[in-house]
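Undergrad: Quick one: the structure is below, and I'll ask about it shortly.
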Amino acid sequence: MLCVDHAAPPEGGTYDEVIPGAGHEVVRWAPFSGEPAPALDGVGAVVVFGGEVHPDADATAPWLVGEVELVARALGGGVPLLGLCLGAQLIARAAGAWVGPVPVSEVGWYRVELSDDGLADPVVGALGGTADAFEWHHYTFELPEGAVELARSERAAQAFRLGGRTWGVQFHPEVTRELIYEWAADSPDEIDGSVDELRRETDRRIEEWSRAGRQLCLAFLEQAAVVAGQPATVVT
């Protein structure tokens, strides 16, 4: 399992427990560190986490080019992919779709509605329907060609599936109370409301959201295991 990180130390949240707990050996890559992109030979799946950088910020974060190339290689090679927030945006970009600023940012807790396709989806469907999801994003994406939209909020697309091996979610299913508190303290001006309000809402919602997020991760790992023995379908 390759985990692509955009922070040091990594901010994998609950997924740093769920993935190895499910028996997977984790290899980490931080593209901003200058470390060359790893080969994907033998990699069973890739999880691309979120981060502060925007998905089109090549001028100030030139390492993004190499990361998008790795994501494109994973798409082309049929490696199961899960993108979270920035990760979903980078998957969309690597698949040739537009990414750019969202008209109104989402920073905090927002209602996410699954479509019929989302309810039937083996990964996003693990959320079980309507969810109060944690978000922190100023960018969004258009659906890649051939992708199926799985969920939306009032402001933006929230999840898609591309083929049978790739999923992108705009929300943060991996987030912990500690990460939310840390992000809020670091960037209080970005929050919809006050830091104290966000903390109170987080205290109310985080336990249920963490359970749902863990289920989504386990569902993705199950799908990655299912497709491991199947021939890859190249995404172009």
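Undergrad: Within the stretch 117-150, track down each residue that is touching a helix residue (DSSP H, G or I) at 6+ places or on another chain (Cβ under 9 Å) and among the polar types (S, T, N, Q).
TA: Across the stretch 117-150, the qualifying residue is only Thr140.
Undergrad: Among the residues of the stretch 70-115, count how many are polar (S, T, N, Q) and either touching an Asp or Glu at 6+ places or on another chain (Cβ under 8 Å) or free of Cβ contacts under 8 Å to residues at least 60 places away in the same chain (or both).
TA: In the first step, residues of the stretch 70-115 are kept if they are polar (S, T, N, Q); the result is 89, 105, 115.
Add one more test, that the residue is either touching an Asp or Glu at 6+ places or on another chain (Cβ under 8 Å) or free of Cβ contacts under 8 Å to residues at least 60 places away in the same chain (or both), and what stays is 105, 115.
The qualifying residues number 2.
Undergrad: Moving on to the next point. Mind counting the residues in the stretch 219-230 that are under 11 Å from Val124 (Cα atoms) and either aromatic (Phe, Trp, Tyr) or surrounded by fewer than 16 Cβ atoms within 10 Å (Cβ to Cβ) (or both)? Talk me through it step by step, then tell me what you get.
TA: Filtering the stretch 219-230 down to residues under 11 Å from Val124 (Cα atoms) leaves 219-220.
Imposing the further condition that a residue be either aromatic (Phe, Trp, Tyr) or surrounded by fewer than 16 Cβ atoms within 10 Å (Cβ to Cβ) (or both) reduces the set to 220.
Residues in the stretch 219-230 being under 11 Å from Val124 (Cα atoms) and either aromatic (Phe, Trp, Tyr) or surrounded by fewer than 16 Cβ atoms within 10 Å (Cβ to Cβ) (or both): 1 in total.
Undergrad: Give the stretch 203-231 a look and list any residue that's assigned to a helix (DSSP H, G or I) and either among the small types (Gly, Ala, Ser) or modelled with pLDDT under 95 (or both), or say none. So that I can check it myself, show each step before the final result.
TA: Here is the first cut: in the stretch 203-231, the ones assigned to a helix (DSSP H, G or I) are 203-227.
If the condition is that a residue be assigned to a helix (DSSP H, G or I) and either among the small types (Gly, Ala, Ser) or modelled with pLDDT under 95 (or both), then Ser210, Ala212, Gly213, Ala219, Ala224, Ala225, Val226, Val227 are the ones that fit.
Undergrad: Out of all the residues in the stretch 1-50, which are closer than 18 Å to Ala74 by Cβ, among the β-branched types (Val, Ile, Thr) and in contact (Cβ under 8 Å) with a residue 40 or more places away in the chain?
TA: Val4, Ile19, Val43, Val46, Val47, Val48
Undergrad: Against the condition modelled with pLDDT of 95 or more, out of contact with any Ser or Thr (no Cβ under 8 Å at 6 or more places or on another chain) and surrounded by fewer than 18 Cβ atoms within 10 Å (Cβ to Cβ), how does Ser105 come out, does it pass? Even if it seems obvious, please write down each step before you answer.
TA: Values: modelled with pLDDT of 95 or more: yes; out of contact with any Ser or Thr (no Cβ under 8 Å at 6 or more places or on another chain): yes; surrounded by fewer than 18 Cβ atoms within 10 Å (Cβ to Cβ): no.
Against the criterion (modelled with pLDDT of 95 or more, out of contact with any Ser or Thr (no Cβ under 8 Å at 6 or more places or on another chain) and surrounded by fewer than 18 Cβ atoms within 10 Å (Cβ to Cβ)), Ser105 does not qualify.
Undergrad: I've got another one for you. Are any residues in the stretch 22-62 assigned to a loop (DSSP other than H, G, I, E, B) and among the polar types (S, T, N, Q), and if so, which ones? Please lay out each step first, then the result.
TA: At the first step, the residues of the stretch 22-62 found to be assigned to a loop (DSSP other than H, G, I, E, B) are 22-26, 30, 34-45, 49-62.
Scanning the stretch 22-62 gives a single hit, Thr60.
Undergrad: Hey, any hits in the stretch 32-44 for a residue that's crowded, with 22+ Cβ neighbours inside 10 Å and out of contact with any His (no Cβ under 6 Å at 6 or more places or on another chain)?
TA: No, because not a single residue in the stretch 32-44 is crowded, with 22+ Cβ neighbours inside 10 Å and out of contact with any His (no Cβ under 6 Å at 6 or more places or on another chain).
Undergrad: I would also like to ask the following. Any residue in the stretch 148-158 that is free of Cβ contacts under 8 Å to residues at least 40 places away in the same chain, under 24 Å from His54 (Cα atoms) and small (Gly, Ala, Ser)? Quick ask: steps written out before the conclusion?
TA: Pass one, the stretch 148-158, residues free of Cβ contacts under 8 Å to residues at least 40 places away in the same chain: 148-151, 157.
Of the ones still in play, those that are also under 24 Å from His54 (Cα atoms) are 148-151, 157.
Restricting the remaining residues to those that are small (Gly, Ala, Ser) gives 151, 157.
So far as the stretch 148-158 goes, yes, one or more of its residues are free of Cβ contacts under 8 Å to residues at least 40 places away in the same chain, under 24 Å from His54 (Cα atoms) and small (Gly, Ala, Ser).
Undergrad: Next question, about the same structure. Of the conditions (1) closer than 23 Å to Ala228 by Cα; (2) assigned to a helix (DSSP H, G or I); (3) touching a helix residue (DSSP H, G or I) at 6+ places or on another chain (Cβ under 7 Å), Ala74 clears all except one; give me its number.
TA: It fails just one condition, (3).
Undergrad: Taking the condition in contact with a strand residue (DSSP E or B) (Cβ under 9 Å, 6 or more places away or on another chain), crowded, with 19+ Cβ neighbours inside 10 Å, in contact (Cβ under 8 Å) with a residue 12 or more places away in the chain and not polar (S, T, N, Q), does Glu67 pass?
TA: Details: in contact with a strand residue (DSSP E or B) (Cβ under 9 Å, 6 or more places away or on another chain): yes; crowded, with 19+ Cβ neighbours inside 10 Å: yes; in contact (Cβ under 8 Å) with a residue 12 or more places away in the chain: yes; not polar (S, T, N, Q): yes.
Here the answer is yes, as Glu67 does meet what is asked.
The values are calculated or read from the model by the stated rules, or taken from the named source; none is laboratory data. Keep in mind that what you see is a predicted model, and the values were worked out from it rather than measured. Neighbour counts run over all protein chains shown; Cβ positions are idealised from the backbone, glycine included.
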